[in-house]
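Visitor: Got a structure for you, questions after.
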Amino acid sequence: MLDTTKDPAHLPTQLIADMGARARAAAAALARKTSAEKSDALRAAARALRAAVPAIVAANGKDMQSGRDKGLSDAMLDRLRLDAGRIEGIAASLESIADLPDPVGDVIDTIARPNGMTLSRVRIPIGVIGIIYESRPNVTADAAALCMKAGNAVILRGGSEAIESNRALHIVLAEALASAGIPADAVQLVPTTDRAAVGAMLQAAGLIDMIVPRGGKSLVARVQAEARVPVLAHLDGINHLYVHSSADPAKAEAIAVNAKMRRTGICGALETLLIDAAYPGARALLAAVAATGCELRGDDAVRALAPEATPATAEDWDTEYLAPVLSAAIVDGPEAALDHIARHGSGHTDAIVAEDTEVAETFLARVDSAIVMWNASTQFADGGEFGLGAEIGIATGRLHARGPVALEGLTTYKWQVRGTGQTRP
């Protein structure tokens, strides 16, 4: 255990080293658990969360008051807030993860070699995963459940703004999982808000196998700059909706309003609307968005159609607002839309509204984002909506996993070779 008698300056490093060693041992024990045992433990955790609603809401109330005192934005407070309905959603998410097929042990493919050997790739847990996240306390439960179901131990480091909520959730989860036979150290929460603990996690090569940051640009940038552990991350959700000239006006208006305004503070929210210059319903489309109370920031062509729009600056095209603010531009055809997305997109989620199948298929093929949609709201950029259960995050990189990362994205694989006595000449 941690020796607190030593120099306090070294305590974060010692703390993470201790937690990592215990997580490594727990991961080895967890690997021997059956899929049924892991699922039963998750169902027990869901029941425990429902029973603990008053305590969790009380803890969250402390964080909410502290957040208001610190002047957190409405979007940040919305991410932070827990109530009975949201806790029920967390519990239901755990149950949905319990019901998902366990990827561990799946045979990805098998190759029969001419010499008679058979080679198979089999899914295995990654090992120990570190999750560094901000604001959303539901990540505490979702990350714990996903990592554990995929056979991984997890070290959770939430943001200081949600410390009371995260602690309350972790206590309930850890006790429920342990009572169901899951090693207690399989799900650990870093007990300090000291930022040095984040640095210690990023340097914990050999103890932590993968880091997943969930938060704002500054957090992700720090993780990617300092990490000596592989990182699975996404940057901003600067998501675009391109309304082609062939778009059905009813679809375009419904999708644009939903993509922007259903929940403005999530990473799948629309941030930039691109309207084809040949689309006949541009004025009505902009009016429909503005009627929701959304602030429009547009180029000259947009402002000519929507006088309430303020001028868009160069910075607007590269901004994830996470608020009821939308930048909008008129573009001269699909190529101009594709060029705008390539220059300003973050590789998260981009969508097209079109009835022209050829144009839509070209958009799907050429936009280089983790998620590309046709005639659907960007708010569907979510692991649950993809049928994956809860997600650990949406990865926008190119390695290992991309898009919503759920159970399969939390595994790697090994080769199993079966021979009959072959030797290599």
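Visitor: Counting other beta carbons within 10 Å of each residue's own, what order do Thr264, Thr349, Thr110 fall into, fewest first?
Guide: Numbers: Thr264 19, Thr349 31, Thr110 12.
Starting with the residue having the fewest Cβ neighbours, the order is Thr110, Thr264, Thr349.
Visitor: Compute and list, largest first, the equivalent-ellipsoid semi-axes of the chain from the alpha carbon gyration tensor, each √(5λ) rounded to a whole angstrom. Present the calculation step by step, with values, prior to reporting the outcome.
Guide: On the way: eigenvalues 317, 163, 76 Å².
Sorted largest first and rounded, they come to 40, 29, 20 Å.
Visitor: I would also like to ask the following. Measure nothing but the geometry: give the 0 to 90° angle between the long axis through the Cα atoms of 138-149 and the longest principal axis through the Cα atoms of the chain, rounded to 10°.
Guide: 50 degrees
Visitor: Show me 289-297, 308-316 ranked by packing, highest mean number of other Cβ atoms within 10 Å first.
Guide: Details: 289-297: 16.9, 308-316: 13.9.
So the order, starting with the most tightly packed, is 289-297, 308-316.
Visitor: Per the Debye formula with a single identical scatterer at each Cα and no solvent contribution, what log10 I(q)/I(0) holds for the stretch 1-151 at q = 0.15 Å⁻¹?
Guide: These q points yield log10 I(q)/I(0) values of -0.99.
Visitor: Related question: Hey, what angle do you get for helix 357-366 against the long axis of the chain, alpha-carbon based, 0 to 90 degrees rounded to 10?
Guide: For 357-366 against the chain, the angle is about 50 degrees.
Visitor: Still on this model: Okay, helix-only estimate at 222 nm for the chain: each DSSP H run of n ≥ 4 adds -39500 (n - 2.57), divide by all residues, round to 500 deg cm²/dmol; what do you get? Present the calculation step by step, with values, prior to reporting the outcome.
Guide: On the way: 14 runs with 173 residues, N = 425.
About -12500 deg cm²/dmol.
Visitor: Something else: When the C-alpha atoms of the stretch 344-425 are aligned to their principal axes, what extent does each axis show, in angstrom, from largest down?
Guide: Extents along the principal axes, in whole Å: 60, 30, 24.
Visitor: Here is a follow-up. Quick one: Cα convex hull volume of the stretch 262-324, Å³ per residue?
Guide: So the per-residue Cα hull volume is 90 Å³.
Visitor: So which aspartates and glutamates can Lys70 reach, going by Cα to Cα under 12 Å and dropping same-chain residues fewer than 8 places off?
Guide: Counting by Cα, and skipping residues close in sequence, Lys70 has these aspartates and glutamates nearby: Glu161.
Visitor: Related question: What is the ratio of the Cα radius of gyration of the stretch 228-286 to 2.2 N^0.38 Å, where N is its residue count, to two decimals?
Guide: 1.42
Visitor: Also, quick follow-up: How many Å³ per residue does the convex hull of the Cα positions in the stretch 91-223 occupy? Before the final figure, lay out each step's value.
Guide: Numbers: hull volume 19.2 nm³, N = 133.
Enclosed volume per residue, from the Cα hull, is 145 Å³.
Visitor: What order, most packed first, do the peptides 113-126, 375-388 have when packing is the mean number of other Cβ atoms within 10 Å of each residue? Walk me through the numbers on the way to the answer.
Guide: Numbers: 113-126: 14.7, 375-388: 18.9.
My ranking of the peptides, most packed first, is 375-388, 113-126.
Visitor: Along the principal axes of its C-alpha atoms, what lengths does the stretch 239-380 span, in descending order and rounded to whole Å?
Guide: Between the extreme Cα coordinates on each principal axis of the stretch 239-380 lie 35, 30, 26 Å.
Visitor: A further question on this structure: May I ask you to give the average projected area over all directions of the convex hull of the Cα atoms of the stretch 304-346, in nm² rounded to one decimal?
Guide: Working: hull surface 14.7 nm².
The orientation-averaged projected area of the Cα hull of the stretch 304-346 comes to 3.7 nm².
Visitor: Given axes a ≥ b ≥ c from the Cα gyration tensor, I'd like to know whether the stretch 218-261 is rounded (a/c under 1.5), prolate (a/b larger than b/c) or oblate.
Guide: Details: a/c = 5.15, a/b = 3.73, b/c = 1.38.
It comes out prolate by the Cα gyration axes.
Visitor: Follow-up. Work out how far the C-alpha atoms of the stretch 18-81 reach from end to end along every principal axis, then list the three figures in whole Å, largest first.
Guide: 47, 30, 19
Visitor: For the charge dipole of the chain, defined by +1 on Lys and Arg C-beta atoms and -1 on Asp and Glu C-beta atoms about the Cα centroid, which residue among Met148, Ala329, Val417 has the Cα displaced farthest towards the positive pole?
Guide: The one lying farthest along the dipole's positive direction is Val417.
Rule-based calculations on the coordinates, nothing more; no lab input. Keep in mind that what you see is a predicted model, and the values were worked out from it rather than measured. Backbone-built Cβ (ideal geometry, glycine too); neighbour counts: all protein chains shown.
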